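What follows is a set of notes on a single structure, which appears directly below.
Bear in mind these aren't lab numbers, they're just calculated from the coordinates by the rules spelled out. All figures in this text were calculated on a predicted structure; none of them were measured in a lab. Cβ atoms come from the backbone with ideal geometry, glycine included; neighbour counts cover every protein chain shown.
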Amino acid sequence: MRILIADDHDLLRETLSMFLASEGSIDTALASTLDAALDLIHSEEKFDLIMLDYNMPGMA
């Protein structure tokens with residue numbers, strides 16, 4: 001499973017990624033800004049799940 005984690009809080013983003021990686025077959029991509037998340041979403045990468053902080057700077 002491929003998961004995108006988009007959050008501007010480093011500790012939360014990294015901790016969640018490490019927890020999910022410990023589950024075995026989960027691969028994560030990380031984004032610290034809305035622009036970085038959108039770049040990943042529009043790239044050739046495919047995600048099964050996107051976890052997005054809706055209070056991140058840049059969200060309307």
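What the table shows:
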item: Theoretical ellipticity at 222 nm over the chain - DSSP helices of four or more residues, -39500 (n - 2.57) apiece, nearest 500; result: -10000 deg cm²/dmol
item: Relative contact order of the range 2-52, pairs being alpha-carbon contacts under 8 Å that are 6 or more residues apart, as %; result: 54 percent
item: Cleavage-rule hits, chymotrypsin sites (Phe, Trp or Tyr not before Pro), the range 1-57, DSSP coil, Cβ neighbours within 10 Å at most 11; result: Y54
item: Selection of GluC sites (Glu not before Pro), the chain, meeting DSSP coil and at most 14 other Cβ within 10 Å; result: E23, E44, E45
item: Highest-MSF residue in the chain out of D35, D48, D27 [GNM, Cα springs under 10 Å]; result: D48
item: The chain: angle of helix 10-21 to the longest principal axis, Cα-based, in degrees nearest 10; result: 30 degrees
item: Per-selection Kirkwood Rh - the range 2-52 (Cα, Å, 1 d.p.); result: 10.9 Å
